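Novice: I have a structure I would like to understand better, so I am pasting it below and will then ask my questions one at a time.
The values are calculated or read from the model by the stated rules, or taken from the named source; none is laboratory data. Remember, it's a predicted structure, so these values are computed and weren't measured experimentally. All Cβ positions, glycine included, derive from the backbone under ideal geometry; neighbour counts span all protein chains shown.
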């Protein structure tokens, strides 16, 4: 196994990683190439946020300035703090898929109590969602979180349309999320993949699951590109500031009595078990590596400390691991024998089931070769 000399990414289960002569990985090189785009002076941050606010208010057509989701995690929570600082009027959406941790619930309550923002909690039908998650477990695919991510996007667009909101905020950011191997996830809009996996395993009636398929995603992208009709602007405000995770945690703790939950995305009890147990044991994937590598590149943790962290198992003791597993199996209604068989079966690819991969490839080809801006750049380079 080869490991990067700058971060802690390695070539285990990552066919896209490569290293230069100094042993530095392509994720670190990519970060350095793009770092200047996401690094600002204080004056530039102020200018970015001023322009952001103007952009939002210019497009405003309803009672709210924007819509965004909250999970109780660092990024979405800090985004609410930033919205408060900008004196904007958002509609906050919390998507409850049945796996909220107590910390997440408390963090969300504290934030909403202090900001006084209007909010909606969208509670999905647990029986239906549980069956879909069981289908994905039985299918042996890597991205079980596709279900939640797909439904969140659908829910945000649903309420954006209902309340005539034209701006959608996301807590996605370059600082803490850059450098995730491509094979560790799947396209979140791939409804065909969801439908086929459900049909092959649980085969339930999907009466309530929020849907936002690839076709709808392409339509919204096309409308936004050419500003057609009631188009929506999707913005990642954390990329307009010098975002630091540890600074965000300190501010949230001081201002809202917000409490951190240990690792990235562990505000969800499902995501915690999925990352710490299912990915770790079945797929030999340790998401602590890219998560902590991002923090190394962002100057928030030393490589030495990150290496020490991943020497330990995600769950510190066997007893904790057993309790987490038992809770998961009881909630999702699966026997330990069924679960162990799933863990031992060879992993499958999302491509092994019906999918929209061809559409994604066409879109990628367009962006790379047929996009007018890219064509002009290539022609210009020849002269």
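Novice: Please identify the pairs in which a residue from region 324-345 that is closer than 11 Å to residue 134 by Cα has its Cβ atom under 9 Å from the Cβ atom of a residue that is at pLDDT below 95 and surrounded by 16 or more Cβ atoms within 10 Å (Cβ to Cβ), counting only partners at least 6 apart or on another chain.
Specialist: Note: no pairs meet the criteria.
Novice: Could you say whether any residue in region 330-340 is at pLDDT 95 or above, under 25 Å from the mean Cα position of the chain (by Cα), part of a helix (DSSP H, G or I) and surrounded by 15 or more Cβ atoms within 10 Å (Cβ to Cβ)?
Specialist: Among the residues of region 330-340, at least one is at pLDDT 95 or above, under 25 Å from the mean Cα position of the chain (by Cα), part of a helix (DSSP H, G or I) and surrounded by 15 or more Cβ atoms within 10 Å (Cβ to Cβ), which makes the answer yes.
Novice: Which condition breaks for residue 205 when tested against (1) under 30 Å from residue 130 (Cα atoms); (2) surrounded by 15 or more Cβ atoms within 10 Å (Cβ to Cβ)?
Specialist: Here residue 205 meets the rest and fails (2).
Novice: Can you name the condition, by its number, that residue 347 falls short on among (1) in a helix (DSSP H, G or I); (2) at pLDDT 95 or above; (3) under 23 Å from the mean Cα position of the chain (by Cα)?
Specialist: Of (1) in a helix (DSSP H, G or I); (2) at pLDDT 95 or above; (3) under 23 Å from the mean Cα position of the chain (by Cα), only one is false for residue 347: (1).
Novice: In this structure, is residue 36 over 20 Å from the mean Cα position of the chain (by Cα), modelled with pLDDT of 95 or more and exposed (fewer than 14 other Cβ atoms within 10 Å of the Cβ)?
Specialist: It is false that residue 36 is over 20 Å from the mean Cα position of the chain (by Cα), modelled with pLDDT of 95 or more and exposed (fewer than 14 other Cβ atoms within 10 Å of the Cβ).
Novice: Would you check if there is a residue in region 107-123 being in contact with a strand residue (DSSP E or B) (Cβ under 7 Å, 6 or more places away or on another chain) and farther than 29 Å from residue 175 by Cβ?
Specialist: Yes, some residue in region 107-123 is in contact with a strand residue (DSSP E or B) (Cβ under 7 Å, 6 or more places away or on another chain) and farther than 29 Å from residue 175 by Cβ.
Novice: Let me ask another. Identify all residues within region 242-255 that are buried (at least 20 other Cβ atoms within 10 Å of the Cβ) and either in a helix (DSSP H, G or I) or out of contact with any helix residue (DSSP H, G or I) (no Cβ under 8 Å at 6 or more places or on another chain) (or both); write none if there are none.
Specialist: Answer for region 242-255, where residues must be buried (at least 20 other Cβ atoms within 10 Å of the Cβ) and either in a helix (DSSP H, G or I) or out of contact with any helix residue (DSSP H, G or I) (no Cβ under 8 Å at 6 or more places or on another chain) (or both): 245, 248, 252.
Novice: Picking from 218, 147, 156, which residue would you name as being within 24 Å of residue 282 (Cα to Cα) and either buried (at least 19 other Cβ atoms within 10 Å of the Cβ) or at pLDDT below 95 (or both)?
Specialist: Answer to the check: 147.
Novice: Also, quick follow-up: Where the second residue is surrounded by 14 or more Cβ atoms within 10 Å (Cβ to Cβ) and the first is on the phi > 0 side of the Ramachandran plot and lies in region 228-242, which pairs have Cβ atoms under 8 Å and are six or more apart or on separate chains?
Specialist: 229/223
Novice: Right, another one. Taking region 60-81 as the region of interest, how many residues are part of a helix (DSSP H, G or I) and surrounded by fewer than 20 Cβ atoms within 10 Å (Cβ to Cβ)? Let's see the steps before the verdict.
Specialist: Of the residues in region 60-81, the ones part of a helix (DSSP H, G or I) are 74-81.
Narrowing the set further to residues that are surrounded by fewer than 20 Cβ atoms within 10 Å (Cβ to Cβ) leaves 81.
Of the residues in region 60-81, 1 are part of a helix (DSSP H, G or I) and surrounded by fewer than 20 Cβ atoms within 10 Å (Cβ to Cβ).
Novice: Name the residues in region 88-124 that are without any contact (Cβ under 8 Å) to a residue 12 or more places away in the chain and not in a helix (DSSP H, G or I), would you? Reasoning before the result, please.
Specialist: Here is the first cut: in region 88-124, the residues without any contact (Cβ under 8 Å) to a residue 12 or more places away in the chain are 102, 109, 113, 116.
Of everything in region 88-124, just one residue is without any contact (Cβ under 8 Å) to a residue 12 or more places away in the chain and not in a helix (DSSP H, G or I), namely 116.
Novice: Search region 273-285 for residues that are free of Cβ contacts under 8 Å to residues at least 24 places away in the same chain and pair each with any residue that is in a helix (DSSP H, G or I) when their beta-carbon atoms are under 8 Å apart and the residues are at least 6 apart or on different chains.
Specialist: none
Novice: Give the residues of region 1-15 that are assigned to a loop (DSSP other than H, G, I, E, B) and surrounded by 13 or more Cβ atoms within 10 Å (Cβ to Cβ), sorted by residue number.
Specialist: Listed by number, the residues that qualify are 2, 4, 5, 6, 7, 8, 9, 11, 12, 13, 14.
Novice: Here is a further query. Given the criterion at pLDDT below 95 and in a helix (DSSP H, G or I), identify the matching residue among 377, 316.
Specialist: On the way: 316 fails: in a helix (DSSP H, G or I).
Of the residues listed, the single one that is at pLDDT below 95 and in a helix (DSSP H, G or I) is 377.
Novice: Any idea which residue in region 39-59 is surrounded by the fewest Cβ atoms within 10 Å (Cβ to Cβ), counting only those that are under 30 Å from residue 230 (Cβ atoms) and touching a residue at least 12 places away in the same chain (Cβ under 8 Å)?
Specialist: So the residue we want is 55.
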